[in-house]
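To start, the structure under review is shown below, and the notes come after it.
The values are calculated or read from the model by the stated rules, or taken from the named source; none is laboratory data. Remember, predicted model here, so these are calculated numbers, not experimental data. Positions of Cβ are generated from backbone atoms using ideal geometry, with glycine treated the same way; all protein chains shown enter the neighbour counts.
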Amino acid sequence: MGQGEQSGAPRVDTHTPSVARMYDWLLGGVDNYRSDRDACAELLEIVPDSQALALNNRAFLRRVVRFLAEETGIRQFLDHGSGLPTLDNVHEIAQRVDPASRVVYIDNDPIVSAHGRTRLEQNRQTAVVQADMTDTAAIFAHDEVRRLIRPDEPTAALFVSVLHCLKDEQVLPMLHRVKRELAPGSIFVICQLVSERADIRDRVTGLMADATHGSWGRVRAKAEVAAYFDDLGVTVREPGLVNVTTWRADTEVVPRQRTDDWEEWGGIALLP
(Lines give C-alpha, C1' and ligand atoms only; values in the text may rest on other atoms or scores of the structure.)
Protein backbone atom coordinates (compact mmCIF):
# COMPACT_ATOMS: atom_id res chain seq x y z
CA MET A 1 0.00 0.00 0.00
CA GLY A 2 1.14 3.52 -0.72
CA GLN A 3 2.42 5.81 1.95
CA GLY A 4 1.99 9.54 2.39
CA GLU A 5 1.62 12.28 -0.15
CA GLN A 6 3.25 12.25 -3.57
CA SER A 7 4.25 15.27 -5.60
CA GLY A 8 3.83 15.74 -9.32
CA ALA A 9 1.78 13.51 -11.60
CA PRO A 10 0.54 10.29 -10.01
CA ARG A 11 2.55 7.21 -10.91
CA VAL A 12 0.03 4.61 -12.02
CA ASP A 13 0.86 0.95 -12.66
CA THR A 14 -1.57 0.21 -15.47
CA HIS A 15 -0.49 -3.44 -15.70
CA THR A 16 -1.45 -4.40 -12.14
CA PRO A 17 -5.16 -4.35 -11.31
CA SER A 18 -6.26 -1.87 -8.66
CA VAL A 19 -9.15 -2.71 -6.35
CA ALA A 20 -10.40 0.89 -6.66
CA ARG A 21 -10.34 0.76 -10.47
CA MET A 22 -11.97 -2.68 -10.54
CA TYR A 23 -14.75 -1.32 -8.36
CA ASP A 24 -15.02 1.66 -10.70
CA TRP A 25 -15.53 -0.69 -13.67
CA LEU A 26 -18.12 -2.76 -11.81
CA LEU A 27 -20.03 0.46 -11.10
CA GLY A 28 -19.98 1.40 -14.78
CA GLY A 29 -17.14 3.93 -14.53
CA VAL A 30 -14.46 4.71 -17.12
CA ASP A 31 -11.41 5.33 -14.92
CA ASN A 32 -9.94 1.84 -15.34
CA TYR A 33 -7.48 -0.06 -17.52
CA ARG A 34 -7.31 -3.33 -19.43
CA SER A 35 -5.70 -5.09 -16.45
CA ASP A 36 -8.62 -4.04 -14.21
CA ARG A 37 -11.22 -5.20 -16.73
CA ASP A 38 -9.46 -8.53 -17.24
CA ALA A 39 -9.37 -9.11 -13.48
CA CYS A 40 -13.09 -8.25 -13.26
CA ALA A 41 -13.82 -10.76 -16.02
CA GLU A 42 -12.04 -13.47 -14.02
CA LEU A 43 -13.91 -12.44 -10.89
CA LEU A 44 -17.24 -12.65 -12.71
CA GLU A 45 -16.37 -16.18 -13.80
CA ILE A 46 -16.13 -17.21 -10.13
CA VAL A 47 -18.97 -15.09 -8.74
CA PRO A 48 -21.24 -13.80 -11.53
CA ASP A 49 -23.16 -11.57 -9.11
CA SER A 50 -20.13 -9.34 -8.44
CA GLN A 51 -21.46 -6.41 -10.46
CA ALA A 52 -24.84 -6.48 -8.73
CA LEU A 53 -23.03 -6.72 -5.41
CA ALA A 54 -20.94 -3.62 -6.18
CA LEU A 55 -24.00 -1.60 -7.19
CA ASN A 56 -25.89 -2.70 -4.07
CA ASN A 57 -22.93 -1.80 -1.92
CA ARG A 58 -22.87 1.72 -3.37
CA ALA A 59 -26.58 2.04 -2.65
CA PHE A 60 -25.89 1.00 0.96
CA LEU A 61 -23.26 3.74 1.25
CA ARG A 62 -25.81 6.31 0.09
CA ARG A 63 -28.41 5.09 2.59
CA VAL A 64 -26.06 4.87 5.54
CA VAL A 65 -24.58 8.35 5.05
CA ARG A 66 -28.03 9.85 4.63
CA PHE A 67 -29.21 8.05 7.79
CA LEU A 68 -26.20 9.24 9.80
CA ALA A 69 -26.60 12.84 8.65
CA GLU A 70 -30.38 13.00 9.05
CA GLU A 71 -31.04 10.85 12.10
CA THR A 72 -27.89 10.86 14.24
CA GLY A 73 -26.68 14.41 13.62
CA ILE A 74 -23.20 13.31 12.52
CA ARG A 75 -21.47 16.16 10.73
CA GLN A 76 -17.98 14.80 10.12
CA PHE A 77 -16.99 11.70 8.15
CA LEU A 78 -13.71 9.82 7.63
CA ASP A 79 -14.05 7.56 4.59
CA HIS A 80 -11.27 4.93 4.65
CA GLY A 81 -10.39 3.38 1.30
CA SER A 82 -12.82 5.67 -0.47
CA GLY A 83 -12.04 4.60 -4.05
CA LEU A 84 -12.55 6.67 -7.17
CA PRO A 85 -15.12 9.47 -7.12
CA THR A 86 -18.45 8.44 -8.63
CA LEU A 87 -22.04 9.64 -8.44
CA ASP A 88 -23.33 10.49 -4.96
CA ASN A 89 -20.13 10.56 -2.96
CA VAL A 90 -20.16 10.84 0.83
CA HIS A 91 -19.75 14.63 0.86
CA GLU A 92 -22.55 15.15 -1.66
CA ILE A 93 -25.01 13.10 0.41
CA ALA A 94 -24.00 14.59 3.77
CA GLN A 95 -23.89 18.17 2.48
CA ARG A 96 -27.41 17.88 1.05
CA VAL A 97 -28.53 17.40 4.64
CA ASP A 98 -26.23 20.09 6.04
CA PRO A 99 -23.85 22.07 3.80
CA ALA A 100 -21.53 22.42 6.82
CA SER A 101 -20.85 18.66 6.93
CA ARG A 102 -17.12 17.88 6.72
CA VAL A 103 -15.67 14.87 4.89
CA VAL A 104 -12.14 13.48 4.55
CA TYR A 105 -11.48 10.75 2.00
CA ILE A 106 -8.50 8.45 2.60
CA ASP A 107 -7.01 6.24 -0.10
CA ASN A 108 -3.53 5.05 -1.02
CA ASP A 109 -4.17 4.96 -4.78
CA PRO A 110 -2.54 7.98 -6.48
CA ILE A 111 -5.17 8.13 -9.22
CA VAL A 112 -7.91 8.27 -6.56
CA SER A 113 -6.14 11.18 -4.91
CA ALA A 114 -5.63 13.03 -8.19
CA HIS A 115 -9.25 12.66 -9.29
CA GLY A 116 -10.56 13.53 -5.85
CA ARG A 117 -8.51 16.68 -5.46
CA THR A 118 -9.55 17.86 -8.93
CA ARG A 119 -13.23 17.37 -8.17
CA LEU A 120 -13.08 18.85 -4.68
CA GLU A 121 -10.86 21.84 -5.36
CA GLN A 122 -13.64 24.33 -4.65
CA ASN A 123 -15.19 22.47 -1.70
CA ARG A 124 -13.49 23.67 1.49
CA GLN A 125 -15.56 21.28 3.63
CA THR A 126 -14.02 18.23 1.95
CA ALA A 127 -10.49 16.90 1.46
CA VAL A 128 -8.62 13.90 0.05
CA VAL A 129 -5.65 12.42 1.89
CA GLN A 130 -3.38 9.97 0.10
CA ALA A 131 -2.29 7.54 2.80
CA ASP A 132 -2.30 3.91 3.84
CA MET A 133 -5.56 3.51 5.74
CA THR A 134 -3.76 1.48 8.40
CA ASP A 135 -1.42 4.41 9.20
CA THR A 136 -3.82 5.92 11.74
CA ALA A 137 -1.26 8.18 13.42
CA ALA A 138 -0.27 9.81 10.13
CA ILE A 139 -3.90 10.21 9.07
CA PHE A 140 -5.00 11.97 12.26
CA ALA A 141 -1.86 14.13 12.23
CA HIS A 142 -2.48 15.24 8.63
CA ASP A 143 -3.18 18.95 8.20
CA GLU A 144 -6.43 18.36 6.33
CA VAL A 145 -7.75 15.94 8.94
CA ARG A 146 -6.84 18.36 11.71
CA ARG A 147 -8.57 21.16 9.78
CA LEU A 148 -11.84 19.30 9.18
CA ILE A 149 -12.24 16.65 11.88
CA ARG A 150 -12.86 18.14 15.32
CA PRO A 151 -11.62 15.69 17.97
CA ASP A 152 -14.32 16.58 20.50
CA GLU A 153 -17.22 15.90 18.10
CA PRO A 154 -18.67 12.53 17.03
CA THR A 155 -17.28 11.22 13.75
CA ALA A 156 -18.51 8.56 11.34
CA ALA A 157 -15.56 6.30 10.50
CA LEU A 158 -16.44 4.50 7.29
CA PHE A 159 -14.89 1.15 6.36
CA VAL A 160 -17.18 0.24 3.49
CA SER A 161 -16.00 -2.73 1.42
CA VAL A 162 -12.32 -2.24 2.31
CA LEU A 163 -11.40 -4.60 5.16
CA HIS A 164 -11.10 -7.53 2.76
CA CYS A 165 -8.12 -5.64 1.29
CA LEU A 166 -6.24 -6.02 4.59
CA LYS A 167 -4.40 -8.95 6.13
CA ASP A 168 -5.92 -10.54 9.24
CA GLU A 169 -3.23 -9.10 11.49
CA GLN A 170 -3.94 -5.56 10.26
CA VAL A 171 -7.69 -5.27 10.72
CA LEU A 172 -8.40 -5.22 14.46
CA PRO A 173 -5.30 -3.21 15.46
CA MET A 174 -6.30 -0.54 12.92
CA LEU A 175 -9.92 -0.44 14.12
CA HIS A 176 -8.79 -0.09 17.73
CA ARG A 177 -6.38 2.72 16.83
CA VAL A 178 -9.17 4.61 15.07
CA LYS A 179 -11.52 4.01 18.01
CA ARG A 180 -9.02 5.62 20.40
CA GLU A 181 -8.96 8.76 18.24
CA LEU A 182 -12.73 9.24 18.14
CA ALA A 183 -15.03 11.12 20.50
CA PRO A 184 -17.82 9.32 22.39
CA GLY A 185 -20.92 9.01 20.26
CA SER A 186 -18.92 8.33 17.12
CA ILE A 187 -20.08 5.68 14.67
CA PHE A 188 -18.27 2.83 12.95
CA VAL A 189 -19.64 1.71 9.57
CA ILE A 190 -18.11 -1.67 8.73
CA CYS A 191 -18.93 -4.08 5.95
CA GLN A 192 -16.85 -6.41 3.83
CA LEU A 193 -17.14 -9.21 1.31
CA VAL A 194 -18.11 -12.49 2.96
CA SER A 195 -19.06 -15.99 1.92
CA GLU A 196 -20.21 -18.99 3.88
CA ARG A 197 -18.68 -21.21 1.18
CA ALA A 198 -15.02 -22.02 1.78
CA ASP A 199 -14.42 -22.69 -1.93
CA ILE A 200 -15.67 -19.22 -2.90
CA ARG A 201 -13.59 -17.59 -0.15
CA ASP A 202 -10.47 -19.42 -1.30
CA ARG A 203 -10.94 -18.90 -5.04
CA VAL A 204 -11.71 -15.17 -4.85
CA THR A 205 -8.95 -14.56 -2.31
CA GLY A 206 -6.46 -16.41 -4.53
CA LEU A 207 -7.53 -14.53 -7.65
CA MET A 208 -7.31 -11.10 -6.02
CA ALA A 209 -4.02 -11.82 -4.24
CA ASP A 210 -2.43 -12.91 -7.54
CA ALA A 211 -3.96 -10.08 -9.59
CA THR A 212 -2.90 -7.34 -7.16
CA HIS A 213 0.52 -8.84 -6.41
CA GLY A 214 -0.40 -9.46 -2.79
CA SER A 215 -2.22 -6.16 -2.09
CA TRP A 216 -5.21 -8.02 -0.74
CA GLY A 217 -6.45 -9.62 2.45
CA ARG A 218 -9.15 -12.24 2.09
CA VAL A 219 -12.85 -12.91 1.81
CA ARG A 220 -14.07 -13.84 5.30
CA ALA A 221 -17.01 -15.60 6.91
CA LYS A 222 -19.80 -13.68 8.62
CA ALA A 223 -18.71 -14.82 12.08
CA GLU A 224 -15.27 -13.29 11.54
CA VAL A 225 -16.75 -9.88 10.70
CA ALA A 226 -19.17 -10.11 13.66
CA ALA A 227 -16.13 -10.74 15.87
CA TYR A 228 -14.74 -7.30 14.91
CA PHE A 229 -17.74 -5.60 16.50
CA ASP A 230 -17.51 -7.82 19.59
CA ASP A 231 -13.80 -7.12 20.03
CA LEU A 232 -14.32 -3.36 19.70
CA GLY A 233 -16.98 -3.39 22.43
CA VAL A 234 -19.36 -1.26 20.37
CA THR A 235 -23.15 -1.32 20.26
CA VAL A 236 -24.54 -2.48 16.91
CA ARG A 237 -27.50 -0.36 15.80
CA GLU A 238 -30.68 -1.77 14.27
CA PRO A 239 -31.20 -3.65 12.02
CA GLY A 240 -28.01 -5.37 13.19
CA LEU A 241 -25.41 -7.06 11.01
CA VAL A 242 -26.99 -7.97 7.69
CA ASN A 243 -26.52 -8.26 3.96
CA VAL A 244 -26.19 -4.56 3.17
CA THR A 245 -28.82 -4.85 0.45
CA THR A 246 -31.39 -5.20 3.24
CA TRP A 247 -29.97 -2.53 5.57
CA ARG A 248 -32.79 0.05 5.95
CA ALA A 249 -33.84 -0.72 2.39
CA ASP A 250 -35.82 2.04 0.71
CA THR A 251 -37.59 2.53 -2.61
CA GLU A 252 -34.37 2.85 -4.63
CA VAL A 253 -34.28 0.29 -7.44
CA VAL A 254 -31.20 -1.91 -7.10
CA PRO A 255 -30.19 -5.06 -9.01
CA ARG A 256 -31.19 -8.34 -7.41
CA GLN A 257 -28.41 -10.81 -6.72
CA ARG A 258 -29.23 -14.21 -8.15
CA THR A 259 -27.27 -16.15 -5.52
CA ASP A 260 -25.89 -15.65 -2.02
CA ASP A 261 -22.53 -17.26 -2.86
CA TRP A 262 -20.98 -14.08 -1.55
CA GLU A 263 -22.32 -10.84 -0.21
CA GLU A 264 -21.41 -7.52 1.34
CA TRP A 265 -22.19 -7.94 5.03
CA GLY A 266 -22.01 -5.67 8.07
CA GLY A 267 -23.71 -2.73 9.75
CA ILE A 268 -23.14 0.30 11.94
CA ALA A 269 -22.14 0.55 15.58
CA LEU A 270 -22.05 3.27 18.23
CA LEU A 271 -18.96 3.88 20.32
CA PRO A 272 -19.66 3.85 24.06
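Which one is surrounded by the fewest Cβ atoms within 10 Å (Cβ to Cβ) among residues in the range 165-204 that are more than 18 Å from the chain's Cα centre (by Cα) and of a type in the set (Val, Ile, Thr)?
Among those that are more than 18 Å from the chain's Cα centre (by Cα) and of a type in the set (Val, Ile, Thr), it is Ile200.
Can you confirm whether the range 36-56 contains a residue that is at pLDDT below 95, charged (D, E, K, R), surrounded by fewer than 21 Cβ atoms within 10 Å (Cβ to Cβ) and part of a loop (DSSP other than H, G, I, E, B)?
Yes.
Name the residue that is nearest to Gly73 (Cα to Cα), counting only residues in the range 96-118 that are in contact with a strand residue (DSSP E or B) (Cβ under 9 Å, 6 or more places away or on another chain) and of a type in the set (Asp, Glu).
Ranking the candidates gives Asp107 first.
Matching residues to (1) within 24 Å of Asp132 (Cα to Cα); (2) of a type in the set (Asp, Glu); (3) modelled with pLDDT of 95 or more:
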position: Arg180; (1), (2), (3): yes, no, yes
position: Arg203; (1), (2), (3): no, no, no
position: Met208; (1), (2), (3): yes, no, no
position: Ala227; (1), (2), (3): yes, no, yes
position: Trp262; (1), (2), (3): no, no, no
position: Gly266; (1), (2), (3): yes, no, yes
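Output the residues belonging to the range 210-241 that are small (Gly, Ala, Ser), assigned to a helix (DSSP H, G or I) and surrounded by 20 or more Cβ atoms within 10 Å (Cβ to Cβ).
Ala211
Pairs under 6 Å by beta carbon, first residue closer than 24 Å to Asp152 by Cα and at pLDDT 90 or above in the range 77-105, partner part of a helix (DSSP H, G or I) and of a type in the set (Val, Ile, Thr), six or more apart or different chains?
The qualifying pairs are Phe77/Val90; Asp79/Val90; Val90/Val65; Ile93/Val65; Ala94/Val65; Val103/Val90; Val104/Val145.
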